[in-house]
1. Could you list, in sequence order, the residues of the stretch 87-104 that are part of a strand (DSSP E or B) and within 16 Å of the ligand (Cβ to nearest atom)?
2. Filter the stretch 280-329 down to the residues that are of a type in the set (Ser, Thr, Tyr), within 16 Å of the ligand (Cβ to nearest atom) and either part of a loop (DSSP other than H, G, I, E, B) or more than 21 Å from residue 78 (Cβ to Cβ) (or both) and list them by number.
3. Looking at (1) within 15 Å of the ligand (Cβ to nearest atom); (2) assigned to a loop (DSSP other than H, G, I, E, B), which is the one condition that is false for residue 181?
4. Residues 209, 199: which one is more than 17 Å from residue 94 (Cβ to Cβ) and free of Cβ contacts under 8 Å to residues at least 60 places away in the same chain?
5. For the stretch 105-123, enumerate the residues that are surrounded by fewer than 20 Cβ atoms within 10 Å (Cβ to Cβ) and more than 14 Å from the ligand (Cβ to nearest atom).
6. Pull up the stretch 64-86, narrow it to residues that are in a helix (DSSP H, G or I) and away from the ligand (no atom under 15 Å from the Cβ), then point me to the one that is farthest from the chain's Cα centre (by Cα).
7. Restricting attention to the stretch 89-102, and to residues there that are touching a strand residue (DSSP E or B) at 6+ places or on another chain (Cβ under 8 Å) and either buried (at least 24 other Cβ atoms within 10 Å of the Cβ) or among the hydrophobic types (A, V, I, L, M, F, W, C) (or both), which single residue is nearest to residue 217 (Cα to Cα)?
8. Quick check: anything in the stretch 245-262 of a type outside the set (A, V, I, L, M) and within 27 Å of the chain's Cα centre (by Cα)?
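Here, each number is a calculation from the coordinates, and none is a lab measurement. As the structure is a computational prediction, the values presented were derived from the model and not from experiment. As a convention, Cβ positions derive from the backbone with ideal geometry for all residues, glycine included, and neighbour counts pool all protein chains shown.
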Amino acid sequence: MKKTFLYKSIKNEWQKVHSKKNNKKIKLHEPTFGVEEIFNFTKQLITTNVTMGKQVESFEKNICDKFGFRYAVSSNSGSSANLLMISALMSNLYSKRLKKNDEIIVPALAWSTSIFPLTQYGLKPVFVDCDLKTMNIDINQVKKAISKKTKGILIIPIYGNPCEMNEITKICKKKGLVLLEDTCESMGAKYNNKFLGGFGLASSFSFYFSHHITCLEGGITVTNDYELAEIMKIIRSHGWIRNVKEKEKWIKNYPKIDPNFLFVNEGYNLRLTEPQARMGMTQIKKLDGFIKKRRKNADYLMSLMKEFNDFFIYQYETKKSFHTWFGFTIIIKDLKIIDRGRLCNFLNKNAIETRVIVSGNFTSQPVVKTFKHRTVGNLENASKIMNNGFSIGIHQNLGNNEIKYIYNIFKKFLKRESLL
Ligand SMILES: Cc1ncc(COP(=O)(O)O)c(C=O)c1O
């Protein structure tokens, strides 16, 4: 890259702001972007071509090429990517559409906006428990949950840890169910060497600030189904046909309506912008390096934290899986022995940030009372993860010294509590 005046100025400004940073803090996430992304973003801004166009199209192609997906429809967030997926699946335009009151099996350990598009479109989520070690949807519970009304399974690989895709795809095939993947936390993760996001009918990714790569905010829905992708493009932009490939089939039926303003489905404005797409294209080149670092950090921390196996459960990566470690999760085995509040306070006081794991057992959240749903079993593992669990950062900016520091602070806590 040519080191232009603009580039040097951005670099200068970046250094001024970030040289003062307190590097000691172990944050949950640190920015994955820097001077190069800001430079490319700014260059695009200067062209004044800012609304969705060629850059967004190239970014979508980049994603397809990198992961082997056929179609990609970007949007302004991972939540929007989920919304597009479900709204297209429920559209009258879609030949294999789902219908109101159809049941979709979902993990109880979920993110809020994985679930809301289902309920907003009249689908009924059926919540099942997860496995305590992988934290992913429990296959036996999925089998128990299937009823005559079941039409699909929406999986949410937690923190980049792949679900049992062999089993899940087998069930879907046998029962004729649609498989949907919310892979918003799992970019680059693989099962049997195949990228997550490519197993189901459609899948979503998030480019929120804290995710594996970012374009400030952003998301993308991917699918190998041409019809579904085209409908998502309609819904993403006002419900008009402007961005689809085969406009003629609509135009010919409505010769008196301006084709640029021909609306065929209810829609939104969920578009990504051109500078964000430029940023995304710069980030995608760095993804493999970030994942390598996250995996190395997780491996090292796991090797140290093994010493505390009597007290904690850590997330387990199965043999077929390639986990991308969105965070490092810790579940306290017995709250009578270790109080989560005391431990997290101690970590926070020692500059280690903590947070709860996704939205916990989502059926415990007050909003769930407001929509139709079904639960299967007692969801005890999802509740245990909600009550006993938390996560810490394992991101690309941490090195061996920081990982060792995390371990030492845990050890200090356990000693202080007379547990070691
Ligand atoms: C599993 C899952 N789905 C969806 C989302 C929503 O993504 P966004 O924050 O980009 O809207 C998140 C957010 O982190 C998530 O973890």
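1. 104
2. Scanning the stretch 280-329 gives a single hit, 324.
3. (2)
4. Matching residue, one of 209, 199: 199.
5. Hits for the stretch 105-123 are 119, 120, 121, 122.
6. 65
7. So the residue we want is 89.
8. Looking for residues that are of a type outside the set (A, V, I, L, M) and within 27 Å of the chain's Cα centre (by Cα), one finds none in the stretch 245-262, hence no.
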